[in-house]
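The values are calculated or read from the model by the stated rules, or taken from the named source; none is laboratory data. Keep in mind that what you see is a predicted model, and the values were worked out from it rather than measured. Methodologically, a virtual Cβ is constructed for each residue, glycine included, from the backbone with ideal geometry; neighbour enumeration extends over all protein chains shown.
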Amino acid sequence: MRILIVDDNPDSRIILRKTLESDGYTVIDASNGAEALKVARELLPDMIISDILMPVMDGFQLCRECKSDERLRDIPFIFYSAAYTDKKDEEFGLSMGAERFILKPMNPFCFLEIIENILKEYEKETVPRVNIAGGKDEGVFLREYNERLIMQLEKKVADLEESNKALSRSEGELKDLFESFVRTMVNALDAKSRWTRGHSERVAAYSEQIAAEIGLDGKEIKNLRLAALLHDIGKIGLRDYLLDKESPLTDEEFEAAKKHAVLGAEILEDIKQLKHITPSIRHHHERIDGKGYPDGLKGDEINLYARILHVADSFDSMTADRPYRRAPGVKYAVSEFRKHAGRQFEPRLVKAFLRVLSRKYHVTDIDKAVRSGGRKD
């Protein structure tokens, strides 16, 4: 199905596009209402999702035009905007024939469920296709529209003034906002499956310990932590059964699951604040001997953050339960690191991490672990 998204903010369009495409939808986009109206008349999309406050033609006017057009009136129209919280704004949008009024931001899974349900209802033809907007007197509509437009402008000015005050008070608030965005992304991944819950935080902690052990500075450790928190974000695009299957994946299923590294990099690549860590996201499953994925890189072709992530990620995988097996444990993990150093893992990073582990567990316990094998909680 083809969905037309309308938003003058290119970053918002990118995020919405990635979300919808991850669920199999074909996405068309436009930067304002006038452009969207032209596209809608040419391509007749299955749904229109529109922001409200935009140049040339805003979302309210776009909805009005679509619901007044015989060819477009039956296309479900969704308002998706951060601009309003007033119930009257929602009522005004719905009065013109829009199906839903959704406030940004929304958990991507909830958002996709809403979109899927609306399209299913339309497919079953159980939703009344009433052109409410077309039934309004033109003068009434214009008066109400002008009132809403004035409110939009007043709110936009107030928002800008508040933003300027916030910027003058502290750049720390912007930092908090960005960290909140990252946390939201990680929480969305944690919510996808109980088996992914906490994994990113643990990998971040292990990565920081390795980085400190090899002498990386504070800025590098901060960037590495960010990469670690988001290293598995591509799993948002995987089918749930691949994460929850209680038996080992088939070869075909494993190939599908491996795509999460590439998908994660693609999700983040257009966010300029994260551009510097996308190679680490893509390559955290590469091996020193070139037998990893997705690109078969080897040795120093793999960036340092990705090499550290591979060690940390592997350790958590070997010390955490999975739906198809209990965790082999620390003993097993240590023996695997020593066995595969120089092939799968960079020896320098393995030695550094074993030093970290030797302080967390008694050295004699780790030595016994290597000799005896088995599980150590």
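What do you reckon, is H284 at pLDDT below 95, crowded, with 20+ Cβ neighbours inside 10 Å and not aliphatic (A, V, I, L, M)?
Values: at pLDDT below 95: no; crowded, with 20+ Cβ neighbours inside 10 Å: yes; not aliphatic (A, V, I, L, M): yes.
No.
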- Determine which single condition E42 fails, assuming it passes every other condition in (1) closer than 12 Å to L4 by Cβ; (2) crowded, with 19+ Cβ neighbours inside 10 Å; (3) among the charged types (D, E, K, R). (2)
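Is it the case, given these coordinates, that K245 is touching a His at 6+ places or on another chain (Cβ under 7 Å) and either under 20 Å from D321 (Cα atoms) or acidic (D, E) (or both)?
Judged against the criteria, K245 is not a match.
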- Query: Would you say S50 is crowded, with 22+ Cβ neighbours inside 10 Å, polar (S, T, N, Q), outside the structural domain of G234 (by TED's automatic domain parsing) and under 25 Å from the mean Cα position of the chain (by Cα)?
  - Reply: yes
- Message: Among the numbered criteria (1) touching a helix residue (DSSP H, G or I) at 6+ places or on another chain (Cβ under 6 Å); (2) closer than 22 Å to P279 by Cβ, which one does R197 miss?
- Response: (2)
- Residue identified as on the phi > 0 side of the Ramachandran plot and either in the same structural domain as V356 (by TED's automatic domain parsing) or out of contact with any Cys (no Cβ under 7 Å at 6 or more places or on another chain) (or both) among G299, G234: G299
- Message: Residue under question is R2, and the condition is that it be basic (K, R), within 29 Å of L189 (Cα to Cα) and surrounded by 17 or more Cβ atoms within 10 Å (Cβ to Cβ); does it hold?
- Response: no
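To keep it simple, each residue is scored yes or no on (1) modelled with pLDDT under 85; (2) of a type in the set (A, V, I, L, M, F, W, C); (3) farther than 13 Å from Y206 by Cα.
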position: A312; (1), (2), (3): no, yes, no
position: F315; (1), (2), (3): no, yes, no
position: R326; (1), (2), (3): no, no, yes
position: G329; (1), (2), (3): no, no, yes
position: R338; (1), (2), (3): no, no, yes
position: R343; (1), (2), (3): no, no, yes
position: L354; (1), (2), (3): no, yes, no
position: T364; (1), (2), (3): yes, no, yes
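Among the residues of segment 224-250, what is the count of those that are out of contact with any Ser or Thr (no Cβ under 8 Å at 6 or more places or on another chain) and either surrounded by 17 or more Cβ atoms within 10 Å (Cβ to Cβ) or part of a loop (DSSP other than H, G, I, E, B) (or both)?
As a first pass, look at segment 224-250 and keep what is out of contact with any Ser or Thr (no Cβ under 8 Å at 6 or more places or on another chain): 226, 233-234, 238-239, 241-242, 245-250.
Next cut, either surrounded by 17 or more Cβ atoms within 10 Å (Cβ to Cβ) or part of a loop (DSSP other than H, G, I, E, B) (or both) only: 226, 233-234, 238-239, 245-250.
Number of matching residues: 11.
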- Message: When the residues of segment 313-338 are narrowed to those that are among the charged types (D, E, K, R) and under 31 Å from the mean Cα position of the chain (by Cα), which ends up surrounded by the most Cβ atoms within 10 Å (Cβ to Cβ)?
- Response: D313
- Within the group A211, A204, A265, A306, which residue is assigned by TED's automatic domain parsing to the domain that holds L349, at pLDDT below 95, under 26 Å from S335 (Cβ atoms) and of a type in the set (A, V, I, L, M)? A204
- Item | Pair list, Cβ under 6 Å, 6 or more apart: segment 224-252 residue touching a residue at least 12 places away in the same chain (Cβ under 8 Å), other residue surrounded by 18 or more Cβ atoms within 10 Å (Cβ to Cβ) and part of a loop (DSSP other than H, G, I, E, B) | H231/H284
- Task: All but one of (1) β-branched (V, I, T); (2) closer than 23 Å to E113 by Cα; (3) assigned to a loop (DSSP other than H, G, I, E, B) hold for V27, so report the exception by its number.
- Result: (3)
- For segment 57-80, enumerate the residues that are within 14 Å of G33 (Cα to Cα), outside any helix (DSSP H, G or I) and either touching a strand residue (DSSP E or B) at 6+ places or on another chain (Cβ under 6 Å) or at pLDDT below 85 (or both). F77, I78, F79, Y80
